[in-house]
1. Fewest Cβ neighbours within 10 Å first, please rank 62, 137 accordingly.
2. Sort 139, 78 by Cβ crowding within 10 Å, fewest neighbours at the top.
3. What nm distance separates the two modelled labels at residue 149 and residue 51, each placed 7 Å from Cα along Cα→Cβ?
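What follows draws every value from the coordinates through simple rules; no lab data is involved. Here the structure is a predicted model, which is why all the values come from computation and not from measurement. So basically every Cβ, Gly included, is an ideal-geometry build from the backbone, and we count neighbours across all protein chains shown.
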């Protein structure tokens, strides 16, 4: 429940940014985190602060599969900067990205309905580096894909893709 509250707060914050006179996009997607070997859900926003420069906050939750009672969970909050490079005018744009990452993780054994921790929980601050692209289907809708590496105590590679809507 606590994670749902965090995600709702971030989505509300992203939506409140719409009062800024900038191009704003919000959307959802799926992601895969190599660090904990788990799929996840991604909520992402993008707003252009000046020509070709975009700030992109995102929230991710990864819930690994339970194998022999062992479970991995990770909640990540990212704020990335992107430099937009137009490949095909109004259709395809690619970007390198760099930014900050905050991750909160739990690794533990599941016994009956309780999540019993083995002492392997914590938080990590890190730096993101990577790249991605966005394909525009219309003025209001596009899809994105990006690959990033997070340098931290919990280093991880994350591959994400999804759909964005212009507000």
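1. 137, 62
2. On the way: 139 8, 78 23.
So the ranking, lowest neighbour count to highest, is 139, 78.
3. In this crude label model, residue 149 to residue 51 measures out at 3.3 nm.
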